[in-house]
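Below: the structure, in structure tokens.
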């Protein structure tokens, strides 16, 4: 078994490897790798374990954020808590250990102050990480995923049976208000998604994804195959939208937006319902709502009403240079945008 870094000559094999593993997620995809290289302005280091026949049997994707002043940071993976960690075709302990050794050797070579592996809720290797990552700090999130039903005789009925009766009522309320659902790659839809996302985040004091993130999506991803923007209209007016990504067997619920004055119309419930129906027809297995903090009670409750299964996943952080923990939360956010350095409650200034 040898370890190689992913390059252009191995991209096709890497994609085939991922698609042969139903649990592999969008975050490890080659298209997102290219997207993040431009968006983050960071270096990728995707470690591949290759057998004597030239087949990829395991992988560990990561990105390096350089900072000459404070030190470099390595994440598997960066950007809003993207799940990373080891992806494998079998259960080869030797291949796993080789990948981890290569990953940490790279972190040392690049003089990293911190490295973090974010495990995947669909690839439970946490027992292995507990023993072998020699982590300094550990953080957790609740992964919420809806197992999508088989299509059955009626897709409407199949999805309705999965969700809570209160959510069914919200969907029906939106239907009675004659809210129409559609999807397209039109400039109007993208502009609405961007402007409303910024409105929504300002209203809660959150940090919005920059406009450049959204503008790059159609550059690197194919509409209909890799992503969709679903929209809700009332009397012809755009009132809500949701951006979803597709990869392998999983749909990623990525960016929902809604005009505040239309919240009571429940357009988001109908949007998600229709998007889920499409996913069922296309044969997807999972709808991934992403990670939720334990403190996010309202968000957790909303997602849980969609027949979710809770699967915890973890952040395994190794601190190579403890001085980084003397920095403030604001300094870390400014110097390492979209990268995880350490849990904020581990900082000296906390």
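Numbers at a glance
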| read-out | value |
| --- | --- |
| Failed condition for residue 165, given (1) farther than 25 Å from residue 259 by Cβ; (2) in contact with a strand residue (DSSP E or B) (Cβ under 8 Å, 6 or more places away or on another chain) | (2) |
| Residues that are farther than 16 Å from residue 261 by Cβ and assigned to a helix (DSSP H, G or I), drawn from the stretch 176-203 | 176, 187, 188, 189, 190, 191, 193, 194, 197, 198, 201 |
| Some residue of the stretch 295-310 being over 30 Å from residue 191 (Cα atoms), part of a strand (DSSP E or B) and either in the same structural domain as residue 76 (by TED's automatic domain parsing) or touching a residue at least 60 places away in the same chain (Cβ under 8 Å) (or both) | yes |
| Any hit, the stretch 230-253, residues being at pLDDT 95 or above, surrounded by 20 or more Cβ atoms within 10 Å (Cβ to Cβ) and assigned to a helix (DSSP H, G or I) | no |
| Residue within the stretch 257-267 that is in the same structural domain as residue 239 (by TED's automatic domain parsing) and assigned to a strand (DSSP E or B) present | yes |
| Per-region count, the stretch 131-162, residues out of contact with any strand residue (DSSP E or B) (no Cβ under 7 Å at 6 or more places or on another chain), farther than 16 Å from residue 76 by Cα and not in a loop (DSSP other than H, G, I, E, B) | 8 |
| Among the candidates 347, 332, 271, residue that is on the phi < 0 side of the Ramachandran plot, free of Cβ contacts under 8 Å to residues at least 24 places away in the same chain and surrounded by 19 or more Cβ atoms within 10 Å (Cβ to Cβ) | 332 |
| Test: residue in the stretch 106-117 that is over 25 Å from residue 285 (Cβ atoms), without any contact (Cβ under 8 Å) to a residue 24 or more places away in the chain and within 26 Å of the chain's Cα centre (by Cα) | no |
| Members of the stretch 49-89 that are over 15 Å from the mean Cα position of the chain (by Cα), outside any strand (DSSP E or B) and farther than 16 Å from residue 2 by Cα | 66, 67, 68, 69, 70, 71 |
| Residue among 185, 211 that alone is in contact with a strand residue (DSSP E or B) (Cβ under 7 Å, 6 or more places away or on another chain) and surrounded by fewer than 15 Cβ atoms within 10 Å (Cβ to Cβ) | 185 |
| The listed residue being touching a strand residue (DSSP E or B) at 6+ places or on another chain (Cβ under 8 Å) and on the phi < 0 side of the Ramachandran plot, out of 81, 90, 85 | 90 |
| Number of the condition not met by residue 277 [criteria: (1) assigned to a helix (DSSP H, G or I); (2) modelled with pLDDT of 95 or more; (3) within 19 Å of residue 122 (Cα to Cα)] | (3) |
| Test for residue 217: is it closer than 18 Å to residue 284 by Cα and outside the structural domain of residue 81 (by TED's automatic domain parsing) | no |
| Extreme residue, nearest to the chain's Cα centre (by Cα), among residues of the stretch 204-229 that are in a loop (DSSP other than H, G, I, E, B) and closer than 19 Å to residue 258 by Cβ | 209 |
| Conditions (1) within 24 Å of the chain's Cα centre (by Cα); (2) surrounded by 14 or more Cβ atoms within 10 Å (Cβ to Cβ); (3) modelled with pLDDT under 95; number of the one not met by residue 92 | (1) |
| Residue match in the stretch 26-39 (condition: in a strand (DSSP E or B) and either within 14 Å of residue 7 (Cβ to Cβ) or not assigned by TED's automatic domain parsing to the domain that holds residue 223 (or both)) | no |
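The values are calculated or read from the model by the stated rules, or taken from the named source; none is laboratory data. This one's a predicted model, so the numbers in the text were calculated from it and none came from an experiment. Ideal geometry is used to build each Cβ from the backbone, glycine not excepted, and the neighbour counts take in all protein chains shown.
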